[in-house]
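What follows is one structure encoded as structure tokens, with my remarks underneath.
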Amino acid sequence: MAYAILRIEKLKSFGSITRSGKHTDRTQETPNANPTIKNIELVNSNNLTVQELVKEKIGDIKHRKDAVLCAELLLTASPEYFRPDAPNQAGYYQPERLQEWFQTNLNWLKEKFGNNLIKATVHLDEVTPHIAAYIVPIHTDPKTGQDKLSYNVDFGGSKHR
């Protein structure tokens, strides 16, 4: 039986955003990745780094020092989904299953997060395909009408939720 997997990580500093972005963009050494395989950019504007995209998106919005600046989402599925005939064969996947999977996930990301989705990349260079997506949680405060960062609006604030 195949499983969907979603991991969400809070990124509260530009240093953590930079480190995450370097891993996603493969601008740092990634020992478990095959450098001969090209990854697929699903969402990115102007080939900016994740840190540049976050700074551009936040702009001059005032925020607390401990605010979540960005959320990194990892979306994947168990190997049985991508290669039902050979779940233990690392790096192999059925192309039609992959195409359907990443289109479904991209549609969900766009529907759920809209313009707050600033980057999404499909990694094919590791054992099992996965998507790294970045969300800047900007929302309009209903009381003041001003834009603000609010991780709780999108993700509920608690890891148990």
* Asked: Of all residues in the range 58-72, how many are in contact with a helix residue (DSSP H, G or I) (Cβ under 9 Å, 6 or more places away or on another chain) and surrounded by fewer than 21 Cβ atoms within 10 Å (Cβ to Cβ)?
  -> 2
* Structure fact -> The residue that is nearest to residue 54 (Cα to Cα), considering only those in the range 140-161 that are of a type in the set (Lys, Arg) and modelled with pLDDT of 85 or more, is 148
* To do: Please name all residue pairs, on different chains or six or more residues apart, with Cβ atoms under 6 Å, provided the first residue is in the range 2-17 and is acidic (Asp, Glu) and the second residue is open to solvent by less than 80 Å² (accessible area, probe 1.4 Å).
  => 9/72
* **Matching entry among 35, 31 (being in a loop (DSSP other than H, G, I, E, B) and either touching a Gly at 6+ places or on another chain (Cβ under 6 Å) or touching a residue at least 24 places away in the same chain (Cβ under 8 Å) (or both))** => 35
* Under the condition of being among the polar types (S, T, N, Q) and in contact with a strand residue (DSSP E or B) (Cβ under 6 Å, 6 or more places away or on another chain), which residue from the range 1-51 is surrounded by the fewest Cβ atoms within 10 Å (Cβ to Cβ)? -> 44
* To do: Hey, can you tell me all the residues within the range 100-141 that are out of contact with any helix residue (DSSP H, G or I) (no Cβ under 7 Å at 6 or more places or on another chain) and of a type in the set (Lys, Arg)?
  => 110, 112
* Assess whether residue 114 counts as being surrounded by 13 or more Cβ atoms within 10 Å (Cβ to Cβ) and on the phi > 0 side of the Ramachandran plot. => no
* Tabulated pairs, the range 102-125, first under 24 Å from residue 56 (Cβ atoms) and of a type in the set (Gly, Ala, Ser), second open to solvent by less than 70 Å² (accessible area, probe 1.4 Å) and not in a strand (DSSP E or B), C-beta under 7 angstrom, 6+ apart or interchain -> 120/106; 120/109
* Answer with yes or no whether residue 68 is β-branched (Val, Ile, Thr), assigned to a helix (DSSP H, G or I) and within 16 Å of the chain's Cα centre (by Cα). => no
* Confirm whether residue 143 is over 17 Å from the mean Cα position of the chain (by Cα), surrounded by fewer than 19 Cβ atoms within 10 Å (Cβ to Cβ) and among the charged types (D, E, K, R). => yes
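Each row is one residue, and each column tells you yes or no for (1) at pLDDT 95 or above; (2) assigned to a loop (DSSP other than H, G, I, E, B); (3) touching an Asp or Glu at 6+ places or on another chain (Cβ under 7 Å); (4) not polar (S, T, N, Q).
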{"position": "57", "(1), (2), (3), (4)": "no, no, no, yes"}
{"position": "62", "(1), (2), (3), (4)": "no, yes, no, yes"}
{"position": "72", "(1), (2), (3), (4)": "yes, no, yes, yes"}
{"position": "80", "(1), (2), (3), (4)": "no, no, no, yes"}
{"position": "89", "(1), (2), (3), (4)": "no, yes, no, no"}
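The values are calculated or read from the model by the stated rules, or taken from the named source; none is laboratory data. Fair warning: this is a prediction, and the values are worked out from it, not measured in the lab. Cβ coordinates were reconstructed from backbone atoms using ideal geometry, including for glycine residues, and neighbour counts include every protein chain displayed. Only protein heavy atoms, including side chains, enter the accessible area calculation; ligands, DNA and RNA are left aside. Shrake-Rupley method; radii C 1.70, N 1.55, O 1.52, S 1.80 Å.
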